[in-house]
Structure formats: structure tokens, C-alpha cells
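*Asks:* Let me begin by handing over the structure; questions about it come next.
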Amino acid sequence: MEKLILVSPTSDYAYDLTCLRTEIEKAGDADSFAGCSRLENYSRVEDWIEYVYLNQFPENVSEGHVPSNVYLALRETDKKIVGIIDLRHHIQHPVLGLWGGHIGYTVRPCERGKGYAAEMLRLNLENARKLGLKKVMITCHPDNPASEKTILANGGVYEKTVEVNGDLIKRYWITL
């Protein structure tokens, strides 16, 4: 696996973000946009970039949401976006505290199975430490062994499975 870096989204990555969004849409996976901070809801990537920038600051967060940082995972050699990962500053929120957790992520469909998710999570755990978090909750569906493997590879400890709208969600904690 090639080395990754996490960077904040900027307009420099607008074209590659548009390509990534199209690729995710074509893949049609149920949770493909997990950790993408609503990228699928924006027709213009530039508007999404502004949204995620503003969402870092508590005074800009919409009611019912929490501050978060979104990062693009770039392959260092060619600066191609291989995934997106977010970091929610806290989970004092009914959805996040039950099953959303501190971190969500997705790997670009053409880049899956290469170990990028585990490295993205490892790098983002460093960001969580810098934010002052002592432990983070990360969740996955029971039928997503790749995500579970990623969480376990980064020290995730299974807590319990919760039911949400008829779906089961596995909760894990990672102590930082």
C-alpha cells in the first residue's frame, strides 16, 4: 500500500471530488457516502467544500449537527483522492451517541481492498488525539467485514450491537 496523507478539502481537489462522487454513485452501495459529510447532497462540489469548512466551527453548525472536520485521503505519490474520512468533535447527539460515532469514512470503489481504510483511520485517530479526545466510538454494520477489520486493526474493542430502525449496528471503542 502506498503512503497516504489527510488534507482538508479545497477547490484544488474539486475535479477529483466530482469524479469520486460519480464513482460512488455508480457503485450503488448502501453506505457508500458514509463519512462524506453529505457530499451526495451537493450538486456543486465547491458548495460542499465551503460547507465542510464552515462546519468545523461550532458557531456555524446547523441545529441537530455537531462540529466536525472532513479530510480527503490522498495517495502521496499522485495526490489522487482514495477516500474521505470525517471526525466529529463530540457525540453528544442522539444519533451519533447511539450509532453514528466519532468517525465515518469511505474508500473510493476502485481503491477498495488495498488497506487504505485502515491507514485513513490510523491517521484520523492522530487528529482525534490532537482534538483532545481520549477515546472514540466507531460503528459498522455486521455485514461489513471490511469495515470491522479496519476498526479492529486500529485497536477497536467491541462494545455491543444496537438496533436502529430495524438495522443492526456494531459499536466499537478505540482508546487513544
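The values are calculated or read from the model by the stated rules, or taken from the named source; none is laboratory data. Not measured: the values here are computed from a predicted model. Virtual Cβ from ideal backbone geometry, glycine too; neighbours counted across all protein chains shown. The protein model used for the area step is the full one, side chains on, heavy atoms only, and it has no ligands, DNA or RNA in it. Shrake-Rupley method; radii C 1.70, N 1.55, O 1.52, S 1.80 Å.
*Asks:* Going by average Cβ density within 10 Å per residue, which order do the peptides 140-146, 41-47 take, highest to lowest?
*Replies:* The peptides rank, most packed first, as 140-146, 41-47.
*Asks:* Still on this structure, I have one more. Report the label-to-label distance for Arg122 and Lys79 in nanometres (one decimal), using points 7 Å from each Cα along the Cα→Cβ vector.
*Replies:* Each label point is offset 7 Å from its Cα along the Cβ direction, giving 2.5 nm.
*Asks:* Assuming 0.36 nm per residue, please report the length gained on full extension of the stretch Leu168 to Ala146 beyond their Cα-Cα distance.
*Replies:* Between Leu168 and Ala146, full extension yields an extra 6.3 nm.
*Asks:* A further question on this structure: Counting only heavy atoms of the protein chains, get the accessible area per residue of the chain (1.4 Å probe) and round it to a whole Å² value.
*Replies:* Values: 8980 Å² over 176 residues.
That works out to 51 Å² for each residue.
*Asks:* State, to one decimal in nm, how far the label point of Ala153 lies from the label point of Glu2, with both points 7 Å from Cα in the Cβ direction.
*Replies:* Modelled inter-label distance: 1.7 nm.
*Asks:* Hey, another quick one. Running Debye on the chain with equal point scatterers at the Cα sites and no solvent, what base-10 log of I(q)/I(0) appears at q = 0.10, 0.13, 0.18, 0.19 Å⁻¹?
*Replies:* Here the Debye-derived log intensity ratios amount to -0.35, -0.61, -1.26, -1.41.
*Asks:* Here is a follow-up. What GluC sites (Glu not before Pro) does segment 57-118 have in DSSP loop regions with at most 16 other beta carbons within 10 Å?
*Replies:* Sparse-neighbourhood loop GluC sites (Glu not before Pro): Glu63, Glu76.
*Asks:* Give the carbon-plus-sulfur fraction of the accessible surface of the chain in %, rounded to a whole number; probe 1.4 Å, heavy atoms of protein chains only. It would help to have the intermediate numbers written out before the result.
*Replies:* Values: 4560 of 8980 Å².
Of the solvent-accessible surface of the chain, carbon and sulfur hold 51 percent.
*Asks:* Something else about it: Mind ordering 51-57, 154-160 by average Cβ neighbours within 10 Å, highest first? Don't skip to the answer; put the middle values down first.
*Replies:* On the way: 51-57: 16.3, 154-160: 14.6.
In descending order of packing, they fall as 51-57, 154-160.
*Asks:* Let me ask another. Arrange the peptides 117-125, 166-174 so that the one whose residues have, on average, the most other Cβ atoms within 10 Å appears first.
*Replies:* 117-125, 166-174
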